[in-house]
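Here the structure comes first, spelled out in C-alpha cells, and everything after it is commentary.
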Amino acid sequence: MSTSKSAEPRPFWPIMVLAALVAGVQRAATNLWQSIVVVVRAPRVALPRIPAIAFVTLAATVAVIVAAMFLIDAAASDWALNLPRWFIDLADEITNFGLSGRFLYPFGFTVLILCALIAPWLPPITQGVLSALVARFGFLFLAIALPSLFDTIVKRMIGRARPYIGPHDDPFSYKPFIWVPNYSSMPSGHATTAAAAAIAIGAVWPASRPVMWLYALVIMFTRVAINVHHPSDVLAGALVGVVGALMVRRWFAARRLVFVADDLRAFAWPSWRRLVGVGRQLAGTPASAA
C-alpha cells in the first residue's frame, strides 16, 4: 500500500532545466537589447574638448608611417627573411595572441551571461551591480570590436601587398578593392586589436597598462618578424586601435557609462565584498523563480 508521500508527483528535472535555460535566454536577449538602447542613447553630458596636442600627435604619427614606407619597410622585410627558423616559429605562436577573438569571445560571453543573470526578482542593488558589470565588459567588447571591424574593411579597400608577395618586397605594391588576404597588409589587424586592447583594458584597469602595452608591442613585433606585415602596417594598425578605443571611451563617457565625463577616468569597480554578496544572492535565488 503506497503512502501519501510516495504518491506525490516527482518533478521532471529535464523539463525544469530546459525551462530555466529558456528563461535565461529570454532575459539575456531582453537585457542585452536594453543595454544597447542605453549605449546608443543621446549624450547626457558634454565632454571636454580634445586637446590640440592630440591632433598634433595624430599628424606626427601619420608622418612617421609614411616615412617608414620609404625608409624601413623593405629593409625590415629583408631582416625578417634572415631570422633563424626557431625564432620565426616562436614568433608565429606568440602572434596568435593578437587575434581579436582572444578578447571578443570572453568579453562577449561575459556580457551575455551577466545579461541572463539580471532578473526582476533580484534586489535593486544586485541588479545595479550586474548592470554596471555589463557596461564595463560591453565597453571592452566594443572598444576592441569596432576598431577591428574598421580595420578589416579598410585594409581590403587599400589593398597593400604583404611583404612576402613577389620575388622581392615592394612596399608600394597595391591592388585596391581586391579583397584577398595577400593584399590586405595595411593596417595590421593584429596591431589594431593589441593597441585597442591596451587602451581599453588600461582604461578600466589602470594598473594593467604597463603589461598591456608590453603585450601590444610584442604582438606588433611578431607581425614584422614573421614577415606578414611591414613596420608601417603595424604602426597604422596601432593608430587605428588607439584612436578607435579612445573614441569608444568618449562615447561611453558622454552617456555617463563606465567613465567620468570630466576627466574620462573610470568609475570605481564594485567592491569585492559587494561582488561576493551578489554571488551569494544569485546562488540563493530559488529555482522556481525562473
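The values are calculated or read from the model by the stated rules, or taken from the named source; none is laboratory data. None of these values were measured; they are calculated from a predicted model. Note: ideal-geometry Cβ built from the backbone for every residue, glycine included; neighbour counts use all protein chains shown.
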Which of the residues that make up the stretch 90-107 are surrounded by fewer than 18 Cβ atoms within 10 Å (Cβ to Cβ) and assigned to a loop (DSSP other than H, G, I, E, B)?
-> Leu99
Within the stretch 47-59, count every residue that is touching a residue at least 24 places away in the same chain (Cβ under 8 Å), farther than 30 Å from Asn227 by Cβ and either touching a helix residue (DSSP H, G or I) at 6+ places or on another chain (Cβ under 7 Å) or assigned to a helix (DSSP H, G or I) (or both).
-> 1
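Given the structure, is Ser184 crowded, with 21+ Cβ neighbours inside 10 Å, modelled with pLDDT under 95 and among the small types (Gly, Ala, Ser)?
So Ser184 passes the test.
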Looking only at the stretch 194-203, decide whether some residue is in a helix (DSSP H, G or I), of a type in the set (A, V, I, L, M), at pLDDT below 95 and out of contact with any His (no Cβ under 6 Å at 6 or more places or on another chain).
-> no
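When the residues of the stretch 231-290 are filtered to those that are within 30 Å of Thr57 (Cα to Cα) and among the β-branched types (Val, Ile, Thr), which remaining residue is surrounded by the fewest Cβ atoms within 10 Å (Cβ to Cβ)?
Start the filter on the stretch 231-290 by keeping residues that are within 30 Å of Thr57 (Cα to Cα), which leaves 231-268.
Right, trim to among the β-branched types (Val, Ile, Thr) and you get 234, 240, 242-243, 248, 258, 260.
Values: Val234: 31, Val240: 25, Val242: 20, Val243: 19, Val248: 25, Val258: 22, Val260: 12.
Applying the filter and picking the extreme gives Val260.
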Total residues in the stretch 116-137, condition in contact (Cβ under 8 Å) with a residue 24 or more places away in the chain and not in a helix (DSSP H, G or I) | 5
State all residues of the stretch 138-166 that are touching a Ser or Thr at 6+ places or on another chain (Cβ under 6 Å) and either farther than 25 Å from Pro206 by Cα or assigned to a loop (DSSP other than H, G, I, E, B) (or both); if no residue qualifies, say none.
-> Asp151, Lys155, Arg156, Arg160, Ala161, Arg162, Pro163
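Which of the following residues is closer than 24 Å to Pro147 by Cα, among the hydroxyl-bearing types (Ser, Thr, Tyr) and surrounded by 16 or more Cβ atoms within 10 Å (Cβ to Cβ): Thr110, Thr126, Thr57?
On the way: Thr126 fails: closer than 24 Å to Pro147 by Cα; Thr57 fails: surrounded by 16 or more Cβ atoms within 10 Å (Cβ to Cβ).
When all the criteria are applied, what remains is Thr110.
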Say whether the condition of being among the aromatic types (Phe, Trp, Tyr), without any contact (Cβ under 8 Å) to a residue 60 or more places away in the chain and surrounded by fewer than 24 Cβ atoms within 10 Å (Cβ to Cβ) is met by at least one residue in the stretch 212-224.
-> yes
Pairs with Cβ under 8 Å, 6+ apart, first in the stretch 25-46 and over 16 Å from Ser131 (Cα atoms) and of a type in the set (D, E, K, R), second part of a helix (DSSP H, G or I) and at pLDDT 90 or above | Arg44/Ala254
Specify the residue that is modelled with the lowest pLDDT; the eligible residues are those in the stretch 60-89 that are exposed (fewer than 13 other Cβ atoms within 10 Å of the Cβ) and assigned to a loop (DSSP other than H, G, I, E, B).
-> Asn82
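For the stretch 113-123, which residues satisfy the criterion of being surrounded by fewer than 18 Cβ atoms within 10 Å (Cβ to Cβ) and within 18 Å of Val37 (Cβ to Cβ)?
Taking the stretch 113-123 and keeping what is surrounded by fewer than 18 Cβ atoms within 10 Å (Cβ to Cβ), we get 113, 119-121, 123.
Matches in the stretch 113-123: Pro120 only.
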Quick one: which of Arg250, Arg280 is in contact (Cβ under 8 Å) with a residue 40 or more places away in the chain and either among the basic types (Lys, Arg) or part of a helix (DSSP H, G or I) (or both)?
-> Arg250
If we ask which residues in the stretch 190-207 are crowded, with 24+ Cβ neighbours inside 10 Å, under 20 Å from Ile94 (Cα atoms) and either in contact (Cβ under 8 Å) with a residue 60 or more places away in the chain or among the hydroxyl-bearing types (Ser, Thr, Tyr) (or both), their number turns out to be 6
Test: Val234 is at positive phi, out of contact with any Gly (no Cβ under 8 Å at 6 or more places or on another chain), of a type in the set (Val, Ile, Thr) and in contact (Cβ under 8 Å) with a residue 12 or more places away in the chain | no
